[in-house]
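Undergrad: So that we are looking at the same thing, I have put the structure below in structure tokens.
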Amino acid sequence: EVFAVNALSLFNISKWLYPRFKSEGRGRLVHIGSNAAVQGFSGMIAYCASKFATRGMIQVIAKEYAKIGAVANQVNPGPFEPFSSDMSNKQIEDFMVIQKVSSSEIINSMVSRIPQRRLATIEDLYKTLNFLLFDAPDYITGQSINLSGGMVM
């Protein structure tokens, strides 16, 4: 299920968008991945495998889209501030179960591995998406941008 949601959905969306982008001669697909697309995490094999897959798929999609004047990129966010989204809460809960520690220990552990010493905010994600969707040159395609405060490079 995890692989189907994360990887197969990107495949299906990219196929659905192709004729629409082709008819307009342009288009921008920005997929939200994860820092798990660049670095594996213990106890999360299906999730990491699915995110690694999307990173490779974006490169192939970008090459296919280039033929019709469209671009495709991926943003790989790191951990978000607690309570900023259902996703951040779920991630903390999952790590608590896997590592058998409290939420504050999980958060402190994550922050200690981030050179900027903070978790991502939703605003960080919005600004990155805004750049890729509206401001980035069309020459940026097939890229996987890590939004992790330096945790993943």
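Undergrad: For the chain, find the longest principal axis of its Cα atoms and tell me its angle to the long axis of helix 86-99, 0 to 90°, nearest 10.
TA: Here the helix axis deviates by roughly 50 degrees.
Undergrad: In degrees from 0 to 90, rounded to the nearest 10, what is the angle of the helix 45-66 Cα long axis to the longest principal axis of the chain?
TA: Compared with the principal axis, the helix lies near 20 degrees.
Undergrad: Could you order 153, 110, 57 by accessible surface area, starting with the largest, using a probe radius of 1.4 Å?
TA: Result, largest first: 153, 57, 110.
Undergrad: Which of 17, 132, 29 moves the most in a Gaussian network model of the chain with Cα springs under 10 Å?
TA: Of 17, 132, 29, the Gaussian network model singles out 17 as fluctuating most.
Undergrad: State, to one decimal in nm, how far the label point of residue 131 lies from the label point of residue 117, with both points 7 Å from Cα in the Cβ direction.
TA: It is 2.3 nm.
Undergrad: Using a 1.4 angstrom probe on heavy atoms only, work out the carbon and sulfur share of the accessible area of the chain in %.
TA: Reported share for carbon and sulfur atoms: 59 percent.
Undergrad: Once you order the gyration tensor axes a ≥ b ≥ c over the Cα atoms, which shape class does the range 1-125 get: rounded for a/c under 1.5, otherwise prolate or oblate by comparing a/b with b/c? Don't jump to the answer; show the numbers that get you there.
TA: Working: a/c = 2.76, a/b = 2.09, b/c = 1.32.
It is prolate, given that a/c is not under 1.5 and a/b is the larger ratio.
Undergrad: Find the accessible area per residue for the range 54-153; the probe is 1.4 Å, ligands and nucleic acids are left out, and the unit is Å². Walk me through the numbers before you get to the answer.
TA: Numbers: 5710 Å² over 100 residues.
So the range 54-153 comes to 57 Å² accessible per residue, rounded to a whole number.
Undergrad: Right, here's the next one. Rounding to the nearest 10 and keeping the result within 0 to 90°, find how far the Cα-based axis of helix 9-24 lies from the longest principal axis of the chain.
TA: 30 degrees
Undergrad: Taking the range 61-153 on its own, what percent of its Cα-Cα pair distances exceed 20 Å?
TA: That fraction is 46 percent.
The values are calculated or read from the model by the stated rules, or taken from the named source; none is laboratory data. Everything numeric here is computed off the predicted structure, so don't read it as measured data. With ideal geometry, Cβ positions are generated from the backbone for all residues, glycine too; neighbour counts draw on all protein chains shown. These accessible areas exclude ligands, DNA and RNA; they are computed on the full protein's heavy atoms, side chains included. Shrake-Rupley method; radii C 1.70, N 1.55, O 1.52, S 1.80 Å.
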